[in-house]
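**Q** First the structure, which I've put down as structure tokens, then a few questions once you've had a look.
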Amino acid sequence: MSPGIIALIIVVIVAVLIVGFVFARPQLQRQRLRMRYGPEYDHVVRERGGHNEAVRELLARERRHKELNLRPLDPARRDHFQTEWLTVQERFVDTPGGAAQEADRLITSIMTDQGYPDEGYEQRVADLSVEHARATDRYRKAHDIAARSTGDAATTEDLRQALVHYRALFEELLGVREGTLDTTTSGRGRHASTKDEERAAAAEDHAATKDEERAAVEEDRAATKDEERAAAAEDRAVTEDEERAAVEEDRAAPADDEPRTATRPRRRARDERVDPAEAPADDESAGRKR
């Protein structure tokens, strides 16, 4: 094989590899972003209206994130924020809506201390998603509930869920494994935690009671309907029996009357016949009277 042919084959192979890479790159990039962002990737796809638009949005977030001057919290600020979180938990006992709004402000303060620019909620979510993609959806849900609480549109159970979401994000921002946040500072954490558990238990009991009441009402309603149907069926059966009996009685009555009706003329005929043996006696007694 001549050197020219070998060189041509090499050129063709390189060209095929380049073309394959060009066409495969978007797919590989999409898979990488999906793995990194998880549910946030699907959210951006729905929000932007397609995979290509979502890929461009997430790549833009990553480029912006590289330009941010992020820094870890120093120990003093970490302790400060933990104390603030305990205050939020204690406040939830008396004012759930105010506690949820305070938790939202606390998250903003932590992000600002870490170097995230305060350019509004939507931009905070976008910046947060690059390093904390799994907690972004929780942040959205919690923020939405806290916003609704200002107009009394959120229930106590909604606000409790919001505080759970805020706590998960709070722990992630502080670099604490979820569920292991120290809440024992000055004994306040234990108190707040106990109160949260009591409120959660009360809410669960209330929900269970409501479910039992609804089940009892449905059962009573079903039993009443069954009794009504049974009573209606029984009345219908009795009415049908009475009607059949009446029909049978009416049908039998003429047959019983015919013999009695037929015997009446014969009785009258017997009564009108005169015994011959009695006729002379009557004549003779009539003569004596004369």
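None of the figures in this text is laboratory data; all of them are computed from the coordinates on show. Everything numeric in this text was worked out from a predicted model, so none of it was measured. Positions of Cβ are backbone-derived with ideal geometry, glycine not excepted, and every protein chain shown enters the neighbour counts.
**Q** Rounded to the nearest 0.05, what FRET efficiency is calculated for Leu28 and Asp220 with R0 set to 45 Å and r the Cβ-Cβ distance?
**A** 0.15
**Q** When you count, for each residue, the other Cβ atoms within 10 Å and take the mean per peptide, how do 159-172, 87-100, 50-63 rank with the highest first?
**A** For the peptides 159-172, 87-100, 50-63, the packing ranking is 159-172, 87-100, 50-63.
**Q** Starting with the highest mean, order 118-126, 213-221, 103-111, 40-48 by the number of other Cβ atoms within 10 Å, averaged over the residues of each peptide.
**A** 103-111, 40-48, 118-126, 213-221
**Q** With the Cα gyration tensor of region 49-92 giving a ≥ b ≥ c as the square roots of its eigenvalues, does the rule (a/c under 1.5 for rounded; else a/b larger than b/c for prolate; else oblate) give rounded, prolate or oblate?
**A** Here region 49-92 falls in the oblate category.
**Q** Moving on to the next point. For all pairs of alpha-carbon atoms in region 22-157, what percent lies in each bin of width 5 Å, listed from the first bin to the last filled one?
**A** 2, 9, 16, 18, 17, 15, 11, 7, 3, 1, 1, 0
**Q** Taking the alpha-carbon centroid of each part, what is the distance from region 31-73 to region 209-245 in angstrom?
**A** About 61 Å separates the Cα centre of region 31-73 from the one of region 209-245.
**Q** Rounded, prolate or oblate, given the Cα gyration tensor of region 67-134, with a/c below 1.5 counting as rounded?
**A** oblate
**Q** With only alpha-carbon atoms in the gyration tensor, what are the semi-axes of the equivalent ellipsoid for region 80-179, in Å, largest first?
**A** One finds semi-axes of 20, 15, 12 Å for region 80-179.
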